[in-house]
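Quick notes on the structure that follows.
The values are calculated or read from the model by the stated rules, or taken from the named source; none is laboratory data. Being a predicted model, the structure only gives us computed values, none of them experimental. Cβ: placed from backbone, ideal geometry, glycine included. Neighbour counts: every protein chain shown.
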Amino acid sequence: MCLTEVLSTVILAYIEITLQNPDSQLALTIIGSLRNIIQSSDYSSFAASVLGKTVNHLKNTLPSHVIVETQQELFNHSHIETKALRRALANVAVCDIEHFIEYLSTHITNKNYSRQCLGSLEELAKLKYSRLTEFLPSLVELILKTLDPHNSALRKHNITKASEALQEFVLKLPMVSFTQAKQQLAVGTSDNLIVVYDLKTATRWKVLRGHTAPVSVLAFDESGKNLASYSISDCSLRVWKLGSGFLGGLMSGEVRPSKLIYLDRIDAVSPKFSDILDILSLAWSEDNNSVTLVRENGNDYVYIFK
């Protein structure tokens, strides 16, 4: 396909994106043309970038099968290490994340595709979409499939890439926290739970119940024995004392917070989800007697536990 045809398709795509009432049939034609460009021209990265944005903007007007097919097609090209292709795949994946998780689950334990799958998950975390929070346990558990200690060849093949993917979730999403001391990962969920994973065994270790709204930010202390959590919606700060080791996971029963502080409701600095994610943080003091919480208004608050 010549450059003129490529540019014409791209211009049509951007016009369609800006329309208040986009033409669904034209959208399908544009998406089909962009997919053809990716397959058969030197402009694949450029076309992929436009395709990702087009599908993401027009997802409510597109048939589900078009989104799923586009996900799979971009995945098949994502082994080509270009930022545009990886970003396009993430933009399309989030349009129907259930199907994307299902698709990855059939490929992620195959050594021929596992690193490709992990790269896709890492890119999803970078984009910080609000819909990710609904599926965080499923996404983390996909990564952990590559770290199965019973499949040492798969674990060895993926240990670096899986670590990078998990690190991206920790860096970009405040409701995900990691403790080096215990080799555990905690995930705050949209259904009010905190799921703690043991990375040595690649399994769920504990599920903490107590929050009455989605968990917004988490932080382990340096020892990994204490976990602090905060929810914007239920306005509570909680501290959980965690047991240790395999028996701690089996014998602890229901874990209740050792500290519970209810906070006043405040206004957020921005209604945009990604902006809030950039603001929220939670950190323990060196003596583990207090935490500093940066709330959704951007201000720091220190809470001392006695």
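Let's see how each residue does on (1) acidic (Asp, Glu); (2) more than 14 Å from ALA219 (Cα to Cα); (3) surrounded by 15 or more Cβ atoms within 10 Å (Cβ to Cβ); (4) touching a Leu at 6+ places or on another chain (Cβ under 6 Å):
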position: LEU260; (1), (2), (3), (4): no, yes, no, no
position: ASP264; (1), (2), (3), (4): yes, yes, no, no
position: ASP267; (1), (2), (3), (4): yes, yes, no, no
position: PRO271; (1), (2), (3), (4): no, yes, no, no
position: SER274; (1), (2), (3), (4): no, yes, no, no
position: ILE279; (1), (2), (3), (4): no, yes, yes, no
position: LEU282; (1), (2), (3), (4): no, no, yes, yes
position: ASN289; (1), (2), (3), (4): no, no, no, no
position: LEU293; (1), (2), (3), (4): no, no, yes, yes
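Can you spot a residue in the stretch 17-36 that is in contact (Cβ under 8 Å) with a residue 40 or more places away in the chain, surrounded by 21 or more Cβ atoms within 10 Å (Cβ to Cβ) and not hydroxyl-bearing (Ser, Thr, Tyr)?
no
From the list ALA186, ALA165, ALA213, which residue is of a type outside the set (Lys, Arg) and either surrounded by fewer than 20 Cβ atoms within 10 Å (Cβ to Cβ) or at pLDDT below 95 (or both)?
Answer to the selection: ALA213.
Within the stretch 114-132, is there a residue that is surrounded by fewer than 20 Cβ atoms within 10 Å (Cβ to Cβ) and among the acidic types (Asp, Glu)?
No, every residue in the stretch 114-132 fails to be surrounded by fewer than 20 Cβ atoms within 10 Å (Cβ to Cβ) and among the acidic types (Asp, Glu).
Scan the stretch 102-148 for residues that are of a type in the set (Asp, Glu) and over 24 Å from ALA84 (Cα atoms) and report the count.
3
I'm checking my understanding of the structure. Among residues of the stretch 198-219 that are under 20 Å from the mean Cα position of the chain (by Cα), in a loop (DSSP other than H, G, I, E, B) and free of Cβ contacts under 8 Å to residues at least 60 places away in the same chain, which one is nearest to GLN184 (Cα to Cα)?
Residue satisfying both the conditions and the ranking: LEU199.
How about the stretch 42-80: which of its residues are more than 19 Å from LEU26 (Cα to Cα) and without any contact (Cβ under 8 Å) to a residue 12 or more places away in the chain?
Of everything in the stretch 42-80, those that are more than 19 Å from LEU26 (Cα to Cα) and without any contact (Cβ under 8 Å) to a residue 12 or more places away in the chain turn out to be ASP42, ASN76.
Taking the stretch 273-297 as the region of interest, how many residues are over 15 Å from SER233 (Cα atoms) and in a loop (DSSP other than H, G, I, E, B)?
Of the residues in that region, 5 qualify.
Does LEU147 satisfy the criteria of being crowded, with 22+ Cβ neighbours inside 10 Å and touching a residue at least 40 places away in the same chain (Cβ under 8 Å)?
no
Being over 27 Å from THR29 (Cβ atoms) and in contact with an Asp or Glu (Cβ under 9 Å, 6 or more places away or on another chain) narrows it down to one residue among LEU121, LEU104, LEU89; which is it?
On inspection, the qualifying residue turns out to be LEU121.
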